[in-house]
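This report refers to the structure that appears directly beneath it.
The values are calculated or read from the model by the stated rules, or taken from the named source; none is laboratory data. Keep in mind that this is a model prediction, so the values were computed, not measured. No Cβ is skipped: glycine too gets one built from the backbone with ideal geometry, and neighbour counts run over all protein chains shown. Accessible surface is based on the protein model in full, side chains and every heavy atom, while ligands, DNA and RNA are left aside. Shrake-Rupley method; radii C 1.70, N 1.55, O 1.52, S 1.80 Å.
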Amino acid sequence: MNSLRDKIVLVTGASAGIGEACARKFSEAGARLLLCARRLDRLEKLAASLKTECYSFKLDIQKESEVQQAIASLPEKWQAVDILVNNAGLSQGLDKVQEAVLSDWNTMIDTNIKGLLYISRAIIPGMVERGRGHIINIGSIAGHEVYPGGSVYCATKHAVRALTKGMLIDLVETPVRVTSVDPGLVETEFSEVRFKGDRERSKTVYQGYKPLDGDDIAEACVWAASRPEHVNIAEILMLPKAQASCTIINKKP
Ligand code: 8X3
């Protein structure tokens with residue numbers, strides 16, 4: 001077992017859902033938390049409720065220069081990040097390619113792929129230099145399959161899966177570990193964001209079965225991070241019991 005006590009864990013998109021749950025679970029395991037997201041007020045509330053030391057900062061990972069600047073200006077005691085949880089990600093729309101809104105594609109690609117890369121590029125060199133570190137990418141079942149209306153979202157999550165594999169290769173000669181945790185249906189703000197605030201439509205996604213929650217995913221992340229140093233959990237695909245694939249879900253009326 002690899003103790004997480006006093007480790008520095010940076011969680012992107014920590015203001016809600018899986019990111020918030022990761023912050024709580026890593027904190028319960030004794031880690032110190034670096035929390036970033038676009039909504040600073042929510043991060044500050046979260047930070048105030050955690051028992052271990054936290055540092056929160058506002059960050060839109062879509063913005064390359066903002067990412068570089070934010071990481072370069074972390075207070076000295078927070079610079080040696082041990083674990084990066086690349087959680088920030090979103091879906092916008094559920095439309096056919098021929099009907100989709102271009103700005104939805106840009107937001108998904110800029111956040112899920114480019115944002116993940118910007119922050120990884122800013123953090124990984126320090127891990128390599130210090131000879132320790134762990135990247136945990138939050139992927140999705142959408143990185144394994146494609147479903148109707150999900151083409152671009154699924155493409156971004158396929159990209160995350162490819163990036164996890166690429167990082168594994170690029171970091172194989174270093175002690176830095178790389179994990180992908182790929183959830184199926186998790187009840188968070190995910191669908192509300194996808195359906196642009198349409199709560200009724202969002203609710204139906206999670207009705208008729210028991211979906212995963214943020215804690216389920218966070219526990220997998222903490223478990224992967226706490227394996228002994230010679231163990232690298234490369235990939236975890238995690239589904240609700242009622243889900244067999246992106247489109248096969250045992251929903252009770
Ligand atoms: C979220 C899961 O199935 O809605 O990544 O794409 S799904």
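Odds and ends about this structure:
- Cα lying deepest toward the dipole's positive end in the chain, options Leu84, Cys246, Leu59, charges on Cβ: Cys246
- Among the GluC sites (Glu not before Pro) in segment 200-239, those located in a DSSP loop and surrounded by at most 15 other Cβ atoms within 10 Å of their own Cβ are Glu229.
- Distance between modelled label sites at Lys45 and Arg201, nm, 7 Å Cα→Cβ extension: 2.6
- Note on the chain: GNM, Cα springs under 10 Å; of Pro75, Pro211, Pro240, the largest mean-square fluctuation is that of Pro75.
- Radius 15 Å from Cβ of Phe57, net charge of other residues (Lys, Arg +1; Asp, Glu -1): +2
- Residues whose amide H falls under 5 Å from that of Glu235, counting only those 5 or more places apart or on a different chain, are Ser180, with hydrogens built in the peptide plane.
- Using a Förster distance of 30 Å, the FRET efficiency for Glu229-Gln68 (Cβ separation, nearest 0.05): 0.55
- GNM top mover of Lys25, Lys77, Lys157 - the chain, alpha-carbon springs below 10 Å: Lys77
- Dipole of the chain [Lys/Arg +1, Asp/Glu -1 at C-beta], most positive-end residue of Tyr209, Gly19, Tyr153: Tyr209
- Note on the chain: GNM, Cα springs under 10 Å; of Asp170, Asp104, Asp41, the largest mean-square fluctuation is that of Asp170.
- Based on protein heavy atoms only, the chain ends up with 48 Å² per residue of surface accessible to a 1.4 Å probe.
- Remark: accessible surface ordering of Tyr147, Tyr153, Tyr55 (largest first) is Tyr55, Tyr147, Tyr153, probe radius 1.4 Å.
- Links that overshoot a 25 Å alpha carbon limit, given the list Lys96/Lys252; Lys25/Lys58; Lys25/Lys114: Lys96/Lys252; Lys25/Lys114
- Think of each Lys and Arg Cβ as +1 and each Asp and Glu Cβ as -1; about the Cα centre, that makes the dipole of the chain roughly 340 debye.
- Solvent-free Debye scattering, log10 I(q)/I(0), computed from the Cα coordinates of the chain at q = 0.11 Å⁻¹: -0.55
- Portion, in percent, of the accessible area of segment 8-238 that falls on carbon or sulfur, probe 1.4 Å: 52
- Shape category assigned to segment 1-122 from the gyration tensor of Cα positions, a/c cut at 1.5: prolate
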